[in-house]
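The values are calculated or read from the model by the stated rules, or taken from the named source; none is laboratory data. The structure displayed is predicted, hence computed values, not measured ones. Counting neighbours? That spans all protein chains shown, and the Cβs are built from the backbone with ideal geometry, glycine included. Note: areas computed on protein heavy atoms with side chains; ligands, DNA, RNA excluded. Shrake-Rupley method; radii C 1.70, N 1.55, O 1.52, S 1.80 Å.
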Amino acid sequence: MRNIRRLFLRCLRLGHRRKWTKVNLLTDYVRYCRLCLVSLAYNSFTDSDVVIESLFEPVYWLVDHVTRWFGIVFVVLVIILTSSIVLIVYICVLPLILQTYSTEWICWHIAYGHWNLIMIVFHYYKAITTPPGYPPQAQKHVPSVSVCRKCIAPKPARTHHCSICNRCILKMDHHCPWLNNCVGHYNHRYFFSFCLFMTMGCIYCSISSRVMFRDAYAAIETIYSQTPPPTFTFRERVFHKCIIYLWVLCSSVALALGALTLWHAMLITRGETSIERHINKKERKRLLAMGKVFYNPYSYGRGGNWRLFFGVQTKLHWISRVLLPSSHSAYGDGLTWKPPSWIPTKQTSVLAI
């Protein structure tokens, strides 16, 4: 009887231990999950900007993937719109110029129009086919100022990660969907030259066709205002609509692309990229509050910045490398930023970006 009692008490103790063991295991599991959640969602650098950026991460992901897949569509759209304007100029505008203008003006229009067209086509082709430049992955001794948190690789100065291309870009300015390519160290000059010459071409077409646009608009307006409407042939109606299409499209592109070109011209004058513009602005305000002055370490003066951007070493290069198609490469390797010998600079203490 005594042995049975001992066995019963032992079973009660074992059941009690097993019960509390399961509770302890569940408690430890809950604590472990809470620790994992806190370690993933919190750090000492968390602020409102980090929280907002985390909330908008799905939106950024969607925009990046849409831009990546629609890049080819944008390139095709640029080619179609540009080709349509060129066809209208050759079919509608140029015959009227040959019939009504003097010989001097005809020669000028033919020379300038074809030169502008060649510059647009050349720089757009080079901008979409030239890689912007990427940090070397094989070399171990790459001069860098930080490590990219997405590539987990050394990131040289002026290098930034492009979420659309999903890799780091040397001297990254921005990702251009109209090029389906990033604008970086090796194709920045082609991008700016394309914007400049495209703006000049649109302004040229708008000014050259302004009289024809007024006549075409007045002719189309009489169709809807007069009773009975004037009789126009099918060819005349198509001609009027093509002239209106040409003038409206060229004028709109000239305004929008002209503003973008002026913005990038200001950045080039300052020796900055679009990304560095925002970084330098914040750094300038921070140092100003401390009573200090910020110096851009990559600026070599207004003239020096333009010469370095276009690769102009001699006066003749302003013609051969700026006003004529030139495929010369950008100065330097995009990893280090030492001014060339043909650009006079003053050594000043600077702050790295």
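Below are the figures for this structure:
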{"quantity": "Enumerated strands (runs of 3 or more DSSP E) restricted to segment 166-261, each holding at least 2 residues that are open to solvent by 70 Å² or more (accessible area, probe 1.4 Å)", "calculated": "none"}
{"quantity": "Positions within segment 262-276 being assigned to a helix (DSSP H, G or I), over 15 Å from PHE310 (Cβ atoms) and not hydroxyl-bearing (Ser, Thr, Tyr), in sequence order", "calculated": "LEU262, TRP263, MET266, ARG270, ILE275, GLU276"}
{"quantity": "When residues of segment 77-135 are limited to those that are outside any helix (DSSP H, G or I) and in contact (Cβ under 8 Å) with a residue 40 or more places away in the chain, the one most open to solvent (accessible area, probe 1.4 Å)", "calculated": "PRO131"}
